[in-house]
1. For the chain, with a Gaussian network of springs between Cα atoms less than 10 Å apart, report the residue from P223, P291, P357 with the top mean-square fluctuation.
2. Residues with amide H under 5 Å of L209's amide H, sequence separation 5 or more or different chain, H placed in the peptide plane at 1.01 Å from N; which?
3. DSSP loop (so not H, G, I, E, B), at most 10 other Cβ within 10 Å: list which GluC sites (Glu not before Pro) in region 181-289 pass both filters.
4. Mark the label point 7 Å from the Cα of T165 along Cα→Cβ and return the residues of region 14-30 whose backbone N is within less than 15 Å of it.
5. Quick one: Karplus J couplings for region 170-177, per residue in order, coefficients 6.51, -1.76, 1.60, θ = phi - 60°, nearest Hz, x for Gly and Pro?
6. Run the numbers for R5 and Q328: contour at 0.36 nm per residue of separation, minus the present Cα-Cα distance, in nm.
7. Accessible area per residue of the chain at 1.4 Å probe, in Å²?
8. Cut-off 17 Å, label point 7 angstrom out along Cα-to-Cβ of R40: give me the residues of region 117-146 whose amide nitrogen falls inside.
Amino acid sequence: MTTWREARDIAAALGRDAPTRVLTVPLARAAGLVLAGDVRCERPLPRFDNSAMDGWAVAGDGPWQVGEPVLAGSIPPSIPLQPGQARPIATGAPVPPGTLTVLRSEDAISEPEADGNVIDALATPDPGCDIRRAGEEAVPGETLLPAGAVLSPPGVSLLAAAGVTEVDVSAPPLVTFVAIGDELGAPELDPGHVTDSLTPMMPSLLGALGARCATTARALDCPADVATAIGRARTETIVTSGGTAHGPADPLRAALDRLDARILIDGVDLRPGGSVLLARLPDGRHVLSLPGNPLAAVIALLILGWPLLQARMGRDVPATTPCTAPLQTALAGIAPADGRGRAVACVLADGVLTPVPHQRSGMLRGIAAATHLALVRGSRGELVRLPWACT
């Protein structure tokens, strides 16, 4: 049986080998998307020397004779300041040639006998003080953001300031979700049925993993029906739930056999979530088959689906953090006695790790309140921050 680490590496390798769809989108619509290539600066940032403060652009030693003001948005002055001259200047305004420094408003004093046309300094500022030099943040050709980065709102503003108007992004992988099971239905109408709790969750959960749920479908516990549902999918990845065990009513393996799929992972050494399969169809598309129990399905999707989808967009596998001794204490005795790994939903707050209640494989209440997933094996544990956690 594959360990969760090995399974994660296999899934990431599959994602990296898959072709990536690249889209060119306007910068204003690119926030939250993954950059498909390095984004380079197209012009100096800032474009010209400008004032970082309201005050006076001065040349030479004071006192200074005051000239016409320089405002933000004005054409850069062409006439140099001469020693003993000053011009009022606004934050962001272009600095006149010959400026020694910008004297802040609060550091200047007027010469009363000169009717405010002459100023002096309480303390002489250092040369170049409060001047933003052209290109000091970035020069043309310099990489501003690397390939694989998620474009944040400040990143959008940075690129806009550098003259970028559109970017190449990795298109979010498209996923078809197929819920398998005769038992899925409306329990209020038929007491023998259970509510399908996974299908309503999948669009948002896949979105948190960087993908887009293009469509959902249902299939009965019948190999032909499951194979038909998978075969109809038109997306790069198909995620299914249910039918992954070895019971008489579990159709998944027979369905994959009908499709001539190659099973790459058949079970992971982890509870819950270990009854998971990862297969490749003859046309290169991937089928990730999750257990039917809700918590087990979410954990399996995090362990295999997250690295698969992230790698498809050129991103790194989500990192795990080894538990320190204090955190490890909270997980002591949790790993199964048979030596298999255990996935434990936890809350990490103020340096304290606390496993949450309600963690049986058919429950979602625990992981809905969790911030992290602890992966425990023997006396060791590693933490994965849940992609939707806000703390």
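The values are calculated or read from the model by the stated rules, or taken from the named source; none is laboratory data. Everything numeric in this text was worked out from a predicted model, so none of it was measured. Cβ placement follows ideal geometry from the backbone for every residue including glycine, while neighbour counts extend to all protein chains displayed. For the accessible areas, the whole protein counts, side chains as well, though only heavy atoms, and no ligand, DNA or RNA atoms are used. Shrake-Rupley method; radii C 1.70, N 1.55, O 1.52, S 1.80 Å.
1. Checking each option, the largest mean-square fluctuation is seen for P357.
2. none
3. E188
4. Zone members listed by number: 25-29.
5. With the stated coefficients, region 170-177 comes to 7, 5, x, x, 8, 10, 9, 10 Hz.
6. Residue separation times 0.36 nm, minus the Cα-Cα distance, leaves 114.4 nm.
7. So the chain comes to 47 Å² accessible per residue, rounded to a whole number.
8. 138-146
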